[in-house]
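K.L.:
I have a structure I would like to understand better, so I am pasting it below and will then ask my questions one at a time.
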Amino acid sequence: GGTGSSNHLDDYEEGTWTAGFGGATVSATNTTGYYTKIGQQVFFNYYSGAMTISSASGGAQITGLPFTSSNNTAQYGLFTYVHGTAVNNSNGGFVVKNTTYMAFISNDNTTSASYVNGSNKYVMVSGHYQTDS
């Protein structure tokens, strides 16, 4: 609202992004996520459908976010993980600064959560983060 230039949006964009995976070999039914970018804020969501996970090791990650996250100190976007069986003991995590991926964190801890090997595993995430431009 308003007529002043400070009230105008700097940027507005909607689109899709392609999810990839770090910390395991993953075959997902769906790899398409959705985003809305308003100014420097990026809002995203993704649902995997049935996944098959093997060779799980290290921290579970979802890669391929549509914009590089801010590199500012302590500038971490958050995401929520629900309706999922693919990650052990996690309700979400954060978007790692100056990257295009999110990292799952173990509940009541600050350590990485891991994928769970097997078939018919699911991920549903939604979150936001800030860019530098």
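K.L.:
When both residues are 6+ apart or on different chains and their Cβ atoms are under 7 Å apart, which pairs have a first residue that lies in segment 23-38 and is free of Cβ contacts under 8 Å to residues at least 24 places away in the same chain, and a second that is open to solvent by 20 Å² or more (accessible area, probe 1.4 Å) and not in a strand (DSSP E or B)?
P.N.:
Listed pairs, sorted by first residue: T29/A50.
K.L.:
Exactly one of (1) closer than 19 Å to T100 by Cα; (2) open to solvent by 40 Å² or more (accessible area, probe 1.4 Å) is unmet by S27. Its number?
P.N.:
(1)
K.L.:
Of all the residues that make up segment 60-92, how many are surrounded by fewer than 20 Cβ atoms within 10 Å (Cβ to Cβ) and either more than 15 Å from G127 (Cβ to Cβ) or without any contact (Cβ under 8 Å) to a residue 24 or more places away in the chain (or both)?
P.N.:
9
K.L.:
When the residues of segment 44-58 are filtered to those that are part of a loop (DSSP other than H, G, I, E, B) and closer than 17 Å to M102 by Cα, which remaining residue is least open to solvent (accessible area, probe 1.4 Å)?
P.N.:
S48
K.L.:
Hey, does segment 33-43 have a residue that's open to solvent by 50 Å² or more (accessible area, probe 1.4 Å), closer than 20 Å to Y115 by Cβ, modelled with pLDDT of 95 or more and not charged (D, E, K, R)?
P.N.:
no
K.L.:
Still on this structure, I have one more. Would you be able to tell me the number of residues in segment 104-133 that are under 24 Å from M51 (Cα atoms) and either part of a loop (DSSP other than H, G, I, E, B) or in contact (Cβ under 8 Å) with a residue 40 or more places away in the chain (or both)?
P.N.:
20
The values are calculated or read from the model by the stated rules, or taken from the named source; none is laboratory data. These numbers come from a predicted model, not from an experiment. Using ideal geometry, Cβ is built from the backbone for each residue, glycine included, and neighbour counts are taken over all protein chains shown. Keep in mind that these areas ignore ligands, DNA and RNA; they rest on the heavy atoms of the full protein, side chains included. Shrake-Rupley method; radii C 1.70, N 1.55, O 1.52, S 1.80 Å.
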